[in-house]
Amino acid sequence: MPVTIRSAGLNDVPGLIALEQQVPAAAHWTVEHYHKRVAGGAVLLAEQAGQLCGFLCAHSIAGEWEIENIAVAAGFLRRGIASALLGELIRRARVESSSAILLEVRETNLPARRLYERHGFRQIGRRGDYYRDPPEDAILYTLRFDG
């Protein structure tokens, strides 16, 4: 069954929160934070047969996008959902003539790191002790469109 990617609306926020709470690696935000991102950033939803199966939150500043949160429901892992979400953000960033997409990811999150690298992201640095519960370094990635 095909996956549909679309922009989120404010009425999608309860579903975003419900999905986020099922994914321990996702950033856990308040309702207000999701409202702000839906209204002023990019929140992409992945749906299959009308069921929310994943999402990606990002925002743009001065022509650079930053991925802030990405989550896929446990029952939909390893089906290309995160790849489809990431591909759509990359497509939109290119259409907008953005210069780059940036992100940080837990050092031990090897599946996510491989996903980003498959989409052309390159490691550019590290932030020591960036994450809590458990404490862990963040690996910084970028995908540049200029040049």
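No value in this document is a laboratory result; all are computed from the given coordinates. Just so it is clear, the model here is predicted, and its values are computed rather than measured. Quick reminder, even Gly has a Cβ in these numbers, built from the backbone with ideal geometry, and neighbours come from all protein chains shown.
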Response to the item:
The convex hull of the Cα atoms of the chain, divided by residue count, gives a volume in Å³ per residue of 115
Worksheet item: ³J(HN,Hα) across segment 60-69 via Karplus (A = 6.51, B = -1.76, C = 1.60, θ = phi - 60°), whole Hz, x for Gly/Pro?
Response: 10, 9, 6, x, 10, 8, 10, 7, 9, 7
Discussion item. Give me the dipole magnitude in Debye, nearest 20, for the chain about the Cα centre, with unit charges on the beta carbon: positive for Lys and Arg, negative for Asp and Glu.
Written reply: 460
Worksheet, complete the sentence: Ordered by fewest other Cβ atoms within 10 Å, a rough proxy for footprinting exposure, 81, 17 read 17, 81
Practice prompt. Could you tell me the largest-minus-smallest coordinate of the C-alpha atoms of segment 49-114 on each of the three principal axes, in descending order and whole angstroms?
Written response: 36, 32, 15
Practice prompt. Towards the positive end of the charge dipole of segment 4-144, with charges on Cβ (+1 Lys, Arg; -1 Asp, Glu), say which of 43, 86, 27 has the farthest Cα.
Written response: 86
Worksheet item: Taking 0.36 nm per residue of separation and subtracting the Cα-Cα distance, what length does fully extending residue 132 through residue 49 add?
Response: 26.3 nm
